[in-house]
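J.: Below you'll find the structure I mean.
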Number of protein chains: 2
Amino acid sequence: MSQLRKDVLSGRWIIIASERSKRPDDFRPHQSQVEKRMENKGFCPFCEGNESKTPPEVFSLRKAGTSKDTPGWRVRVVPNKFPALERGTPPPKPNKGLFQSMPGVGVHEVVIETPDHEKELVDLPLPHIREVLFVFQERIQNIEEELHYQYVQVFKNKGKEAGASLSHPHSQIVATPIVPKRIKEELYSAERLFTRSQECFFCRIIKEEGENKERLVYQNSHFCVIAPFASRFPFELVLYPLRHSPHYSSLTSDEFKSLAPALKTVLLKLKSILSDPPYNFIIHQSPNLNLSQKKWPSIENSYHWHMEITPVLTRVAGFELGTGFYINPVPPEAAAGYLRENSHKDRK
Amino acid sequence: MSQLRKDVLSGRWIIIASERSKRPDDFRPHQSQVEKRMENKGFCPFCEGNESKTPPEVFSLRKAGTSKDTPGWRVRVVPNKFPALERGTPPPKPNKGLFQSMPGVGVHEVVIETPDHEKELVDLPLPHIREVLFVFQERIQNIEEELHYQYVQVFKNKGKEAGASLSHPHSQIVATPIVPKRIKEELYSAERLFTRSQECFFCRIIKEEGENKERLVYQNSHFCVIAPFASRFPFELVLYPLRHSPHYSSLTSDEFKSLAPALKTVLLKLKSILSDPPYNFIIHQSPNLNLSQKKWPSIENSYHWHMEITPVLTRVAGFELGTGFYINPVPPEAAAGYLRENSHKDRK
């Protein structure tokens, strides 16, 4: 099992996932050694027909009458074969002192978005994208039943430069036994801002950006996508639900019907304007529903789930590492302008 | 002039350096467009003889009798031709509200470490490395004379994957009109930890790691290098001065004589064991000497300058972006072991 360690100075936790690499030459990102070899041989464990090559599925949407771990699925969720964290009993509180650690208890699952190796998420028809987004909700609810999984992080790495080790379309879910630093910072800050203005900070941003329109990329009946004022990266985007809620779990079926085209449209825009870039998306939501109100009493009013979408076009270098500052050569107003004007036609 | 913008929720500042890119195809990291073209033609503005192709030098160590902006230098400092920030009068305080910004006033300089295009920093003889390290001190002192440059960040990006846009050996200095978030966090946390134990947190780490030796990579009379307990990246290292001081400026000439071999030794170890990886180093020090005691009253006792050295072997992906968590496949104890055992012999 891996180990969680805390950097006492910064409050940042890291995961030492050492079983993934035994030799000094093996320090590349997890999975890459074994799985690249597989993929080089033209073998993909996520393709239909290869169900036995993954750990047994924990959830799937599949044709009626087909059985678990056989073909017939449309979206399939399996535990990660090389997990950063593994399910287990609630870990003891970390020791005190300079060197704090705890066992790497958590969840690490892969959402295989389609049986078709060649179809990226963006290429799937809307009802299929809706199913993928629904599966996220299903898994979050399932994982949050166990209280010691304090935060569920849903994310996608598309392309090698964005951290993907397998090219078959997939996203990932990691649940951690503590609330990560970035989330805590957002929660505390949102709470402070709410106390000051008695209004959700995110709702204010959505309203202002919706009126101003300069950085608005897309809007439909339930969602909007904006290029944030202080974008760290060129063409960074944030997707917000218009209805205030801290929980992805609260999405209704009507909202899913709006979320799929919102996501597909902006991903298509990025694909056509930036020549199919690698990207990450991450869902920021409240910690485990069953815990969060104790620690953040105003969380229901002050926090607002959202999805960050960041194409990988530049590299984080020494200045960013050292300071937490980012240098962005593309003003978000310009990025939003390009994305608004250009529709899905391929520019090549 | 570029613009500084604050993300109100996270407290993070970013720099919109839009003059660096005009078209959507130009969103690659700054400098790369123009300068890659130059370098592709075999032209390097940092090489001896091409002094007229950079902005006029602001400092150099050179042969007696040679003049400014002509050959004869060993280390040369010039303003960045495509600066992220530019010198100017003290900027007004940022406006309040949801969208905070201020003019991009600051300093952005390049330290050309050697006239020899082919010799990386690690390959230079010790007296030359000492001169480069001394030049950092000279520039910090010079820049800090103007009080509105609140923080001076010295860093090096070596290799394209670490963010370097020119291959000629160089490091960079960026001074910002605010204290960056990461530095503030370290300062506040160090102060809190000092208050609790009445001892510098960094001095405690140095003592513990020096006794335990598991993560100790190198030690000489004035410096030690350790693989930190909660390393974010494989083979991440931190170099600490044994003598407590928050200021790089306080380095004595005796200490420079120890710093050069400490840095050269660990860079050589990384080079030989990890096949000459791209890397970043960054110096973390107190904010502008002339300001910091007001804001951080115990800073002289609680903060301790250091240098982070991070080879670029893995990629930051969605999970790291989303949570601030890092997954590290190499335990620092194993990394330190490899680095201790292996000396400079090339493994190829």
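J.: Being of a type in the set (A, V, I, L, M, F, W, C), out of contact with any Gly (no Cβ under 6 Å at 6 or more places or on another chain) and in contact (Cβ under 8 Å) with a residue 12 or more places away in the chain is the filter here, so list the residues in the stretch A:61-90 that pass it.
T.: Listed by number, the residues that qualify are A:61, A:73, A:75, A:77, A:78, A:82, A:84.
J.: Related question: Filter the stretch B:209-223 for residues that are crowded, with 23+ Cβ neighbours inside 10 Å and not charged (D, E, K, R); which is farthest from residue B:131 (Cα to Cα)?
T.: Within the stretch B:209-223, the match that is farthest from residue B:131 (Cα to Cα) is B:217.
For (1) in contact with a helix residue (DSSP H, G or I) (Cβ under 6 Å, 6 or more places away or on another chain); (2) polar (S, T, N, Q), each residue gets a yes or a no:
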residue: B:194; (1), (2): yes, no
residue: B:221; (1), (2): yes, yes
residue: B:235; (1), (2): yes, no
residue: B:254; (1), (2): no, no
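J.: Could you tell me how many of the residues in the stretch B:4-18 are in contact with a helix residue (DSSP H, G or I) (Cβ under 8 Å, 6 or more places away or on another chain) and either part of a loop (DSSP other than H, G, I, E, B) or more than 7 Å from chain A (Cβ to nearest Cβ) (or both)?
T.: Matching residues across the stretch B:4-18 total 4.
J.: Quick test for you: out of B:199, B:209, B:146, pick the one residue that is without any contact (Cβ under 8 Å) to a residue 60 or more places away in the chain and at the interface with chain A (Cβ under 10 Å from one of its Cβ atoms).
T.: On the way: B:199 fails: at the interface with chain A (Cβ under 10 Å from one of its Cβ atoms); B:146 fails: at the interface with chain A (Cβ under 10 Å from one of its Cβ atoms).
Testing whether each residue is without any contact (Cβ under 8 Å) to a residue 60 or more places away in the chain and at the interface with chain A (Cβ under 10 Å from one of its Cβ atoms) leaves just B:209.
J.: Out of all the residues in the stretch B:4-18, which are surrounded by 22 or more Cβ atoms within 10 Å (Cβ to Cβ) and more than 20 Å from residue A:201 (Cα to Cα)?
T.: If the condition is that a residue be surrounded by 22 or more Cβ atoms within 10 Å (Cβ to Cβ) and more than 20 Å from residue A:201 (Cα to Cα), then B:4, B:15, B:16, B:17 are the ones that fit.
J.: State whether one or more residues within the stretch B:173-195 are charged (D, E, K, R) and at positive phi.
T.: no
J.: Here's another thing I want to ask about it. Look at residue A:88 and say whether it is over 25 Å from the mean Cα position of the chain (by Cα) and either more than 20 Å from residue A:166 (Cβ to Cβ) or outside the structural domain of residue A:8 (by TED's automatic domain parsing) (or both).
T.: It is false that residue A:88 is over 25 Å from the mean Cα position of the chain (by Cα) and either more than 20 Å from residue A:166 (Cβ to Cβ) or outside the structural domain of residue A:8 (by TED's automatic domain parsing) (or both).
J.: Can you work out which of the residues in the stretch B:263-294 that are over 22 Å from residue B:164 (Cβ atoms) and free of Cβ contacts under 8 Å to residues at least 40 places away in the same chain is farthest from the chain's Cα centre (by Cα)?
T.: Across the stretch B:263-294, the extreme among qualifying residues is B:294.
J.: Among (1) assigned to a loop (DSSP other than H, G, I, E, B); (2) within 11 Å of chain A (Cβ to nearest Cβ); (3) among the polar types (S, T, N, Q), which single condition is residue B:221 missing?
T.: (2)
J.: Mind checking which residues of the stretch B:260-310 are β-branched (Val, Ile, Thr) and touching a strand residue (DSSP E or B) at 6+ places or on another chain (Cβ under 8 Å)?
T.: Answer for the stretch B:260-310, where residues must be β-branched (Val, Ile, Thr) and touching a strand residue (DSSP E or B) at 6+ places or on another chain (Cβ under 8 Å): B:265, B:266, B:282, B:283, B:309, B:310.
J.: A follow-up question, please. Of the residues that sit in the stretch B:26-46 and are part of a loop (DSSP other than H, G, I, E, B) and surrounded by fewer than 16 Cβ atoms within 10 Å (Cβ to Cβ), which one is modelled with the highest pLDDT?
T.: My answer is B:43.
J.: Hey, does the stretch A:108-123 have a residue that's closer than 20 Å to residue A:155 by Cβ, within 14 Å of chain B (Cβ to nearest Cβ) and over 19 Å from the mean Cα position of the chain (by Cα)?
T.: No.
J.: Here's a follow-up. With respect to residue B:197, is the statement that it is of a type in the set (Gly, Ala, Ser) and in the same structural domain as residue B:46 (by TED's automatic domain parsing) true?
T.: When the stated conditions are applied, residue B:197 does not pass them.
The values are calculated or read from the model by the stated rules, or taken from the named source; none is laboratory data. Quick caveat, the model's predicted, so the values are computed rather than measured. No Cβ is skipped: glycine too gets one built from the backbone with ideal geometry, and neighbour counts run over all protein chains shown.
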